[in-house]
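Quick one: the structure is below, and I'll ask about it shortly.
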Amino acid sequence: MSGLLNGKVAIVTGGTRGIGYAIVKRFLEEGATTVLCGSREETALKALAKIKEEMPDAKVEAIWPNLSDRAAVTAEFNAIKEKYGSIDILANNAGISQNVSLFDYKDEDFDKILDLNIKAIYSCTRAAAEIMKENGGGSIINTSSVVSINGQASGCGYPASKFAVNGLTKSLSRELGKYGIRVNAVAPGVTRTDMVAVLPEQMIQPIIRNIPLGRMAEPEDVANAFVFLASEMASYISGAIIPVTGAVVI
Ligand code: NAD
C-alpha cells in the first residue's frame with residue numbers, strides 16, 4: 001500500500017467484477033475506505049467476500065441500489081456519508097454493451113444501455129455531488145471507452161452511450177469546478193473482462209493485432225488511471241478523457 005488515497009471514502013459502481021473489481025482493489029490498496037456497488041445482493045456479497053479473503057484488513061463494504069432509481073441511489077449514498085463522514089471519490093464504472101445490428105435491436109435493449117451507461121451516471125453523480133459540495137470537493141471518474149471517438153460498426157447504442165459519457169464528463173467538470181469537484185473519464189481500449197469474453201474471436205483478434213503495445217489491457221491497467229485521477233496527483237486535472245488503449249486507433 002502506498003497510501004495515495006489515505007483517509008478518502010470511495011464508491012465504485014459495477015465493482016463486482018472486471019474493471020470495477022480492479023478499481024475497488026487498487027483504491028483499497030491506496031488506503032481508501034471503499035464501497036462497491038453491485039447490481040444484485042448475491043453478486044455484490046460474493047465480490048465482497050472475495051475481496052475480504054484477498055485483503056482481510058480492507059475497509060470495504062457492498063451495496064446494491066438500483067442505479068436507475070435516483071431516490072434509491074441517494075438514500076444509499078447518504079447512508080454512506082452518515083457512516084463515514086464523506087464521499088470523496090465516485091467511480092461511475094457500471095456499464096453494459098450489446099453487439100447487435102441496427103435492424104435486430106430490441107427497443108428495450110437500447111433503453112437498457114442508455115439507462116445504465118448514461119442515466120445511472122447522472123443519478124450517482126447527482127447524489128454524490130450534493131455530498132461533495134458540502135464537504136468542499138471530490139473526484140468523479142466515469143468509464144468511457146475507446147469507441148467514444150469513432151463509434152463501432154455494430155451495436156450503435158453502446159458507442160452512443162459512451163459519447164454521452166464524454167459529454168457528461170466535460171459538461172459536469174465545467175459546472176462542478178466551483179465546488180472543488182473534479183470530473184474526468186477514463187476511456188479503456190479492449191480490456192480482458194467478461195464484456196470482451198462474449199465477443200466473437202473474429203472481431204477481437206484483428207483489434208489485438210492492431211494494438212501498438214501488442215496486447216489487451218488488463219483490468220489493473222485501467223484501474224491505475226482511476227487511482228491517479230482520484231488522487232491529489234491529479235489536483236488540477238478536470239474535464240479530461242484519458243485513453244488507456246495501448247495507443248490503438250479503432
Ligand atoms: P463487466 O461486464 O466485467 O462488468 C460490468 C459491471 O457492471 C459488473 O460489475 C456488473 O455488475 C455491472 N452491471 C451490469 N449491469 C448492471 C446494472 N443493471 N446495474 C448495476 N450494475 C450493473 O465489464 P467491464 O469490462 O469490467 O466493464 C466496466 C466498464 O468498462 C463499463 O462501463 C464498460 O463499458 C467499460 N469498458 C470496457 C471495455 C472492455 O474492453 N472490457 C472497454 C471500454 C470500456
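The values are calculated or read from the model by the stated rules, or taken from the named source; none is laboratory data. Here the structure is a predicted model, which means the values were calculated and not measured. For neighbour counting, all protein chains shown are included, and Cβ atoms are generated from backbone atoms with ideal geometry for every residue, glycine included. These accessible areas exclude ligands, DNA and RNA; they are computed on the full protein's heavy atoms, side chains included. Shrake-Rupley method; radii C 1.70, N 1.55, O 1.52, S 1.80 Å.
If you rank MET233, MET55, MET132, MET203 by how much accessible surface each has, with a 1.4 Å probe, what is the order from largest down?
Details: MET233 125, MET55 35, MET132 0, MET203 60 Å².
From most exposed to least exposed: MET233, MET203, MET55, MET132.
While we're on this one: Using 7 Å Cα-to-Cβ label points, what is the PHE228/ILE96 separation (nm, one decimal)?
Modelled inter-label distance: 3.2 nm.
Using unit Cβ charges (K, R positive; D, E negative) and no other charged atoms, how large, in debye to the nearest 20, is the dipole of the chain about its Cα centre? Provide the component values of the computation, followed by the final result.
Working: 25 positive and 27 negative charges, 98 e Å.
So the dipole magnitude of the chain works out to roughly 480 debye.
Right, another one. In the chain, if the dipole is taken from +1 on Lys/Arg beta carbons and -1 on Asp/Glu beta carbons about the Cα centre, which of THR125, PRO219, SER97 is farthest to the positive end?
Looking along the dipole axis, the top candidate is THR125.
Got a sec? Charge dipole of region 171-243, +1 on Cβ for Lys and Arg, -1 for Asp and Glu; which of ILE241, PRO200, ASN210 is way out at the positive end?
Of the options given, the answer is ILE241.
Mind pulling the angle between the C-alpha long axis of helix 157-176 and the longest principal axis of the chain? Nearest 10 degrees, somewhere in 0 to 90.
30 degrees
Using only the Cα atoms of the chain, each taken as one equal point scatterer with no solvent, compute I(q) by the Debye sum, divide by I(0), and report log10 of the ratio at q = 0.07, 0.16 Å⁻¹.
Scattering profile of the chain, log10 relative to I(0): -0.21, -1.18.
Another question, then. Roughly what percent of Cα-Cα pairs across region 11-100 reach past 18 Å? Before the final figure, lay out the partial values.
Numbers: 1603 of 4005 pairs.
Within region 11-100, distances greater than 18 Å cover 40 percent of Cα pairs.
Using the eigenvalues of the Cα gyration tensor, what equivalent ellipsoid semi-axes result for region 78-220 when each is taken as the square root of five times the eigenvalue, whole Å, largest first?
For region 78-220, the semi-axes come out at 31, 17, 13 Å.
On to the next question. For the chain, modelled as a Gaussian network with Cα springs under 10 Å, which listed residue fluctuates most, ILE131, ILE149, ILE89?
Sorting by GNM fluctuation, first place goes to ILE149.
Still on this structure: Filter the trypsin sites (Lys or Arg not before Pro) in region 119-148 to those in DSSP coil with at most 15 other Cβ atoms within 10 Å of their Cβ, and list the result. All intermediate terms of the calculation are to be shown ahead of the outcome.
Details: sites: LYS119, ARG126, LYS133; in loops: none.
Nothing satisfies the criteria.
Send over the semi-axes of region 161-250's equivalent ellipsoid, whole angstrom and largest first, taken as the square roots of 5 times the C-alpha gyration tensor eigenvalues. If you can, show how the numbers build up before the last one.
Details: eigenvalues 165, 39, 22 Å².
So the three semi-axes of region 161-250 are 29, 14, 11 Å.
Please identify every one of the chymotrypsin sites (Phe, Trp or Tyr not before Pro) in region 174-250 that sits in a loop by DSSP and has no more than 16 other beta carbons within 10 Å of its own beta carbon.
Sparse-neighbourhood loop chymotrypsin sites (Phe, Trp or Tyr not before Pro): TYR236.
Which lysines, if any, have their Cα less than 16 Å from the Cα of LYS8, not counting same-chain residues under 8 positions apart?
LYS25, LYS59, LYS81, LYS83, LYS133
Can I get the semi-axes of region 37-84's equivalent ellipsoid? Compute them from the C-alpha gyration tensor as square roots of 5 times the eigenvalues, in angstrom, largest first.
Ellipsoid semi-axes (Å, largest first): 22, 14, 5.
Relative to the first principal axis of the alpha-carbon coordinates of the chain, what is the inclination of helix 120-135, with its axis defined by its Cα atoms, in degrees from 0 to 90 and to the nearest 10?
Computed tilt is about 30 degrees.
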